[in-house]
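Undergrad: Here it is: the structure, laid out below.
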Amino acid sequence: MDISFDRDHIWHPYTSTLEPLTCYPVTHANGVNLYLEDGTALIDGMSSWWAAIHGYNHPVLNQAVTEQLSKMSHVMFGGITHDPAINLCKKLVEMTPDALEKVFLCDSGSISVEVSLKMALQYWHAKGTPRAKFLTLRHGYHGDSFAAMSVTDPDNSMHKLYKGFLPEHIFADSPTCGFFEDWQEEDIQDFQTKLIENKDTIAAVILEPIVQGAGGMRIYHPTYLKRVRELCDEFGILLISDEIATGFGRTGKLFACEHSDITPDIMCVGKALTGGYMTMAATITTKHVADTVCGGEAGCFMHGPTFMGNPLSSAVANASLQLLQDTNWQEKVSNIESVFASNLPTLAEHDKVSKVRWLGAIGVVELHAPVNLEEIQKRFVEHGVWIRPFGRLVYVMPPYDISDDQLKQLIDAIASCI
Ligand SMILES: *Cc1c(COP(=O)(O)O)cnc(C)c1O
């Protein structure tokens, strides 16, 4: 592989052209393995950033893509509709909480967040009382586009760089009470105070339900989210649930908001939607929000990307959701959770480790000091695993089909490499 061309000309996520880090050449992937050019097989601990829940080169998903490919790979969605989109949206309406029934298909997670924020802004505009503030949580992550960045954690992200351009929103302290701990009512205090102080300007609350992903891999108590829903209801504020990382079984429920038995007004899904095959996301809302938005001055929802409803992505997403429904994913995810529960606590005794936590098919080891990414990545590869830490966090969220042995290899590799 022409690695030197790659180093000289190609940007990877969050990389420097001055000091490009090593990139490992992958030629193919199958099941839970990624294969390097020299033939080395790596057990995948990342599911390609939460996406490849069924693993790679899956015959059912491959078939969905090839069948659709011979019919049409793309056609515009303006004024045209097709079975792949209809079938996918039927599934989304059926799988998500009952009140969510209007689906907007979009290109990527960040865009589904943009769409959700635009829906909330148009909702208030249509009601004749425009509002432009969002309340969100510290340590949150909602994507890299501008509006998504503006509701992402202000300290550990890009707010300083883009100051003056990014709109300023309201940040409440993130929850501290862990998922398996006893609920402490004061955990919601800061959120409640900020919401009440700004109750007449907040258009919506946006948060990641139960698991805050890229902003810190924090796993919080279901009662926190329940209280958020109650407060939003009390003050008539919309609740946007960003399920882009947590959706489709990852936390042990189909959607993380089910842990708290709540329904958001708007839900964003992405990442695992296509089983990791293609980029696609969706923003799903209630009839009330959709009808209010469309009853406003604009007369419609003002968004319509070129590749909206892409038939190839829709077909594979539909097949991926069907596969999920047809398999015993609950059993697989809860088995992964029990392997974490019986193996991660020993890791917590390691002197480099500050805390461990887990939920569903997510396992997190938080260190005292940030890792040297270049060095630890190399060691992981030597141990036959693909794990990509960030900062002080070494975490895994493998494909659901991973075997106990393979999962233990991931955990053993973490133990030796840290
Ligand atoms: C990854 C992620 C996004 C952004 O999705 P992209 O597809 O990378 O644009 C937004 N919100 C959450 C919670 C995510 O994990």
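Laboratory data are not the source of any read-out in this text; all were calculated from the coordinates shown. None of these values were measured; they are calculated from a predicted model. All Cβ positions, glycine included, derive from the backbone under ideal geometry; neighbour counts span all protein chains shown.
Undergrad: Starting at the first residue of the range 244-258, write each ³J(HN,Hα) from the Karplus equation 6.51 cos²θ - 1.76 cosθ + 1.60 with θ = phi - 60°, in whole Hz, x for Gly and Pro.
TA: Rounded to whole hertz, the list is 4, 8, 7, x, 6, x, 3, 8, x, 10, 4, 10, 5, 5, 5.
Undergrad: OK, next. Thinking of the range 141-248 as a set of Cα atoms, what percent of all their pairs are more than 17 Å apart?
TA: Percent of Cα pairs beyond 17 Å in the range 141-248: 55.
Undergrad: I need the phi-derived Karplus couplings for the range 314-326: 6.51 cos²θ - 1.76 cosθ + 1.60, θ = phi - 60°, integer Hz, Gly and Pro marked x.
TA: Whole-Hz 3J(HN,Hα) from phi for the range 314-326: 4, 5, 6, 5, 4, 5, 5, 5, 4, 4, 4, 5, 7.
Undergrad: Would you mind giving the average projected area, over all directions, of the Cα convex hull of the range 210-367 in nm² with one decimal?
TA: 11.7 nm²
Undergrad: Here is a further query. Remind me, relative contact order of the chain in percent, using alpha carbon pairs under 8 angstrom and six or more residues apart?
TA: The normalised contact order for the chain reaches 22 percent.
Undergrad: To continue, here is another question. Counting pairs of alpha carbon atoms under 8 Å apart in space and at least six apart in sequence, what relative contact order in percent does the range 1-79 give?
TA: Taking the mean separation of contacting Cα pairs over the length of the range 1-79, I get 19 percent.
Undergrad: What share of the DSSP beta bridges in the range 63-326 is antiparallel, in percent to the nearest 5?
TA: Among the beta bridges of the range 63-326, antiparallel pairing accounts for roughly 50 percent.
Undergrad: Show the residues, 5+ positions off or on another chain, whose built amide H is closer than 5 Å to the amide H of residue 239.
TA: 205, 265, 266
Undergrad: Where a ≥ b ≥ c are the square roots of the eigenvalues of the C-alpha gyration tensor, would you call the range 363-418 rounded, which needs a/c under 1.5, or, failing that, prolate if a/b is larger than b/c, or oblate?
TA: It is prolate, given that a/c is not under 1.5 and a/b is the larger ratio.
Undergrad: Summing +1 for each Lys or Arg and -1 for each Asp or Glu, what net charge is found among the other residues whose Cβ lies under 15 Å from the Cβ of residue 287?
TA: Counting the neighbours of residue 287, the net charge comes to -3.
Undergrad: Suppose we keep just the DSSP beta bridges with both residues in the range 188-287; what percent of those would be antiparallel, to 5?
TA: 45 percent
Undergrad: Another one. Rounded to whole Å, give me the distance from the Cα center of the range 344-418 to that of the range 53-74.
TA: So the two Cα centres are separated by 31 Å.
Undergrad: If a/c stays under 1.5 just call it rounded; otherwise compare a/b with b/c (prolate if a/b is bigger, oblate if not). Do that for the range 309-367, with a ≥ b ≥ c from the square roots of the Cα gyration tensor eigenvalues.
TA: Taking the square roots of the gyration eigenvalues as a ≥ b ≥ c, the range 309-367 is oblate.
Undergrad: Another question about this same structure. Enumerate the calculated ³J(HN,Hα) couplings along the range 91-106 in order (Karplus 6.51 cos²θ - 1.76 cosθ + 1.60, θ = phi - 60°), each rounded to whole Hz, writing x wherever the residue is Gly or Pro.
TA: Residue by residue, the range 91-106 yields 5, 5, 5, 6, 7, 7, x, 3, 6, 8, 9, 10, 10, 10, 8, 9 Hz.
Undergrad: Give the value in nm², to one decimal: projected area of the alpha carbon convex hull of the range 197-296, averaged over all directions.
TA: Approximately 7.5 nm², given one-decimal rounding.
Undergrad: Using DSSP to define loop residues, name the GluC sites (Glu not before Pro) in the range 341-410 whose beta-carbon has at most 12 other beta-carbon atoms within 10 Å.
TA: Counting only loop positions with at most 12 other Cβ atoms within 10 Å, the GluC sites (Glu not before Pro) in the range 341-410 are 349.
Undergrad: Determine Rg/Rh for the chain; Rg is computed over alpha-carbon atoms and Rh is the Kirkwood hydrodynamic estimate from the same atoms.
TA: Value, to two decimals: 0.96.
Undergrad: At a 10 angstrom cut-off on C-beta neighbours, averaged per residue, how do the peptides 161-172, 92-103 rank from highest to lowest?
TA: 92-103, 161-172
Undergrad: Turning to a different aspect of this structure: In what sequence do 364, 293, 26 fall when counting other Cβ within 10 Å, fewest first?
TA: 26, 364, 293
Undergrad: Cut-off is 10 Å between beta-carbons; in what order do 407, 135 appear when sorted fewest neighbours first?
TA: Lowest to highest Cβ neighbour count: 407, 135.
Undergrad: Within a Cβ distance under 11 Å of residue 173, other residues only, what is the Lys/Arg minus Asp/Glu net charge?
TA: Net charge around residue 173: -1.
Undergrad: Sticking with this structure for a sec: Can you pull the one-decimal nm distance between simple spin-label points at residue 183 and residue 86, each 7 Å off the Cα toward Cβ?
TA: With each label placed 7 Å out from Cα toward Cβ, I get 4.3 nm.
Undergrad: Going by amide H atoms built from the backbone, whose H comes under 5 Å of the H on residue 137, apart from near neighbours?
TA: 172
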